[in-house]
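> One structure follows; several queries about it will come next.
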Amino acid sequence: MTDSSAGVRARVETRSDGARIGWVTLDNPGKINIVNSALCRSLSDAIDELAADDQLRAMVLTGAGDRAFV
C-alpha cells in the first residue's frame, strides 16, 4: 500500500478467516520515530487510505526499531 519517504508505511493483512487488518508503521527508527509535520501528514494520509476500506476490521499503529515507539 503506502510506502512514504516521510517515514510511514501502511499495509493490509488478510487473515485466514477473511478479516482484514490495517498496519501503519512509523518508520524512522534512527530518529526514534519523531513526529514532525511531514510525518503527521503522511500518517493522516495512510489512515485515510486504510479507512476507505469497508472490509477493514482493525487498524494497528506501530513504530519501527527497538529503542522507542515514538
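> Inside the range 15-28, can you point out the residues that are polar (S, T, N, Q) and either open to solvent by less than 70 Å² (accessible area, probe 1.4 Å) or closer than 24 Å to residue 67 by Cβ (or both)?
25, 28
> What do you reckon, is residue 58 surrounded by fewer than 12 Cβ atoms within 10 Å (Cβ to Cβ) and touching a residue at least 24 places away in the same chain (Cβ under 8 Å)?
yes
> Can you find a residue that is assigned to a strand (DSSP E or B) and open to solvent by 50 Å² or more (accessible area, probe 1.4 Å) anywhere in the range 29-50? Walk me through it before giving the result.
Taking the range 29-50 first, the residues assigned to a strand (DSSP E or B) are none.
For the range 29-50, residues assigned to a strand (DSSP E or B) and open to solvent by 50 Å² or more (accessible area, probe 1.4 Å): absent.
> Separate question: Of all the residues that make up the range 51-70, how many are assigned to a loop (DSSP other than H, G, I, E, B) and among the polar types (S, T, N, Q)?
The qualifying residues number 1.
> Restrict the check to the range 55-70 and report whether at least one residue is at positive phi and in contact with a helix residue (DSSP H, G or I) (Cβ under 8 Å, 6 or more places away or on another chain). Talk me through it step by step, then tell me what you get.
Initially, the range 55-70 is screened for residues at positive phi, giving 65.
Keeping just the survivors that are in contact with a helix residue (DSSP H, G or I) (Cβ under 8 Å, 6 or more places away or on another chain) gives 65.
Yes, because at least one residue in the range 55-70 is at positive phi and in contact with a helix residue (DSSP H, G or I) (Cβ under 8 Å, 6 or more places away or on another chain).
The values are calculated or read from the model by the stated rules, or taken from the named source; none is laboratory data. Keep in mind that what you see is a predicted model, and the values were worked out from it rather than measured. Positions of Cβ are generated from backbone atoms using ideal geometry, with glycine treated the same way; all protein chains shown enter the neighbour counts. These area figures cover heavy atoms from the full protein model, side chains too; ligands, DNA and RNA do not enter into them. Shrake-Rupley method; radii C 1.70, N 1.55, O 1.52, S 1.80 Å.
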